[in-house]
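Before any comments, here is the structure.
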Amino acid sequence: MPITLKELADLCNARIEGGDPSASIHSAADITCAHQGQVTQLTNAKYARHIKDSTATACFIAEGFHVDGIPENTALLICADPEMCFIKAVELLHPAKVYQNQIADLAVIDSSVKLGDGLFIGSYAIVGEHTTIGDNTAILAGAYIGNNVSIGQNCRIHPYAVIYDDTVIGNNVTIHSGAIIGADGFGYKFRNNAHYKVPQVGNVVIEDNVEVGANTCIDRGALGSTVIGMGSKIDNLVQIGHNNKVGKHVIMCGLTGVSGSCTIEDYAILAGSSGIADHVTIGQGAVVMARSGVAGDVPAGSQYFGSPAKDKKTAYKEQIAISKLPDLIKRVKALEEEIRQLQNKS
């Protein structure tokens, strides 16, 4: 949806510097490739070189952020938070698809299901017995919703997502394609030279404003609930085991794996490919860095790295020391040779 530069500035409470306030902007783009009719952002000095050759119509920058070589036809939109202003611009210029009130003839919906208003349910979607779906939620083609599931308002369940029985989902939740919510947890007991399955009879509870990435799996609790707290964001290809308690506004990046019965406290960050052993607590605001393996509790506010993971400063010192080992071994060998020669002379 095209908008004038002035309209965009007013919407974002930004001050225009240079350019033509009546210029039309039809889309947003990255600073490295933005052209005429597009708006971009510059928030990091290492990308400042790209602005010199840019033909973008407008660029969001922070108050007090100095940039040389601004092209004559590029307007600066000076604001307090250029990243959030840019997000607002993207949402305006590239509006999300709106699903109209429609239930496809080819959807399979049990007669006991309670349906809210303004729903979209696509072809070949399946909704099981005694399930409740809140207002303005979209269940896209091919999604499977089991029995006794509760889904809140303004949710979006993407194609081929699978939600097992008894799952509880809050409002404004997005679950992407291929995600599986509520599969059995991985629990076995070894007896008589065989693995016996521990029944998994709990459920999954996902609170408001959570986003679950594609092909992510969240296992049901063995007896109680696996809980994903309000506002948490889970990337693609993440595995969350049974009985985990994930706090509010937690970030889990791709390929992270969390074993069973862990507690991930509010605002913690698990970076890509990190692995968490079972019965571990990750403290509030802690960061587990990429490809780290955590076997014990991580204190609140700390940053852990490595496998086994340690405080970042300690882990970095160890990495530096390891990098010096080849030279150290050479020096030891040289000293050993000198000692041998001295012994021979004596």
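The values are calculated or read from the model by the stated rules, or taken from the named source; none is laboratory data. Quick caveat: nothing in here was measured; it's all calculated off a predicted structure. Virtual Cβ from ideal backbone geometry, glycine too; neighbours counted across all protein chains shown.
Test V149 against the criterion of being surrounded by 21 or more Cβ atoms within 10 Å (Cβ to Cβ) and of a type in the set (A, V, I, L, M, F, W, C), and give yes or no.
Values: surrounded by 21 or more Cβ atoms within 10 Å (Cβ to Cβ): yes; of a type in the set (A, V, I, L, M, F, W, C): yes.
For V149, the condition - surrounded by 21 or more Cβ atoms within 10 Å (Cβ to Cβ) and of a type in the set (A, V, I, L, M, F, W, C) - is met.
Is it the case that some residue within segment 69-83 is in contact (Cβ under 8 Å) with a residue 12 or more places away in the chain and closer than 24 Å to K97 by Cα? Break it down into steps so the answer makes sense when it comes.
Applying the first criterion (in contact (Cβ under 8 Å) with a residue 12 or more places away in the chain) to segment 69-83 yields 69-83.
Checking which are closer than 24 Å to K97 by Cα leaves us with 83.
The answer is yes, given that some residue of segment 69-83 is in contact (Cβ under 8 Å) with a residue 12 or more places away in the chain and closer than 24 Å to K97 by Cα.
Mind checking which residues of segment 307-330 are part of a loop (DSSP other than H, G, I, E, B) and of a type in the set (K, R)? Don't jump to the end; show me each part of the working.
Narrowing segment 307-330 to residues part of a loop (DSSP other than H, G, I, E, B): 307-309, 324.
K324, the sole residue that qualifies.
Pairs under 6 Å by beta carbon, first residue in the same structural domain as E72 (by TED's automatic domain parsing) in segment 37-60, partner surrounded by fewer than 20 Cβ atoms within 10 Å (Cβ to Cβ) and in a strand (DSSP E or B), six or more apart or different chains?
Q38/S27
Output the residues belonging to segment 294-303 that are more than 19 Å from the chain's Cα centre (by Cα) and either closer than 21 Å to I320 by Cα or among the aliphatic types (A, V, I, L, M) (or both). Let's see the steps before the verdict.
Of the residues in segment 294-303, the ones more than 19 Å from the chain's Cα centre (by Cα) are 294-302.
Of everything in segment 294-303, those that are more than 19 Å from the chain's Cα centre (by Cα) and either closer than 21 Å to I320 by Cα or among the aliphatic types (A, V, I, L, M) (or both) turn out to be V294, A295, V298, A300, S302.
So which of A96, A107, A58, A75 is closer than 30 Å to I126 by Cα and in contact with a Gly (Cβ under 7 Å, 6 or more places away or on another chain)? Walk me through how you get there before you give the answer.
On the way: A96 fails: in contact with a Gly (Cβ under 7 Å, 6 or more places away or on another chain); A58 fails: closer than 30 Å to I126 by Cα; A75 fails: closer than 30 Å to I126 by Cα.
The match here is A107.
Would you be able to say whether some residue in segment 16-27 is hydroxyl-bearing (S, T, Y), surrounded by 12 or more Cβ atoms within 10 Å (Cβ to Cβ) and in contact with a helix residue (DSSP H, G or I) (Cβ under 6 Å, 6 or more places away or on another chain)? Before you say what the answer is, go through the steps one by one.
As a first pass, look at segment 16-27 and keep what is hydroxyl-bearing (S, T, Y): 22, 24, 27.
From the residues that got through so far, the ones that are surrounded by 12 or more Cβ atoms within 10 Å (Cβ to Cβ) too are 24, 27.
Remaining after also requiring in contact with a helix residue (DSSP H, G or I) (Cβ under 6 Å, 6 or more places away or on another chain): 27.
Yes.
Can you confirm whether segment 193-204 contains a residue that is touching a residue at least 12 places away in the same chain (Cβ under 8 Å), under 21 Å from the mean Cα position of the chain (by Cα), in a strand (DSSP E or B) and in the same structural domain as T281 (by TED's automatic domain parsing)?
yes
Checking A194 against (1) aliphatic (A, V, I, L, M); (2) crowded, with 20+ Cβ neighbours inside 10 Å; (3) over 23 Å from V238 (Cα atoms), which single condition isn't satisfied?
(2)
In the set G116, G122, G134, which member is in contact with a Pro (Cβ under 8 Å, 6 or more places away or on another chain) and farther than 26 Å from G241 by Cα? Before you say what the answer is, go through the steps one by one.
Working: G116 fails: in contact with a Pro (Cβ under 8 Å, 6 or more places away or on another chain); G134 fails: in contact with a Pro (Cβ under 8 Å, 6 or more places away or on another chain).
Of G116, G122, G134, the one residue that is in contact with a Pro (Cβ under 8 Å, 6 or more places away or on another chain) and farther than 26 Å from G241 by Cα is G122.
Y304 - would you say it is part of a strand (DSSP E or B) and either among the small types (G, A, S) or farther than 20 Å from H242 by Cβ (or both)?
On the way: part of a strand (DSSP E or B): yes; either among the small types (G, A, S) or farther than 20 Å from H242 by Cβ (or both): yes.
So Y304 fits the description; yes.
For every residue, the table says whether it meets (1) within 20 Å of I276 (Cα to Cα); (2) among the β-branched types (V, I, T); (3) at pLDDT 95 or above.
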residue	(1), (2), (3)
T137	no, yes, yes
I145	no, yes, yes
N148	no, no, yes
V162	no, yes, yes
V168	no, yes, yes
I175	no, yes, yes
T216	yes, yes, yes
D219	yes, no, yes
K233	yes, no, yes
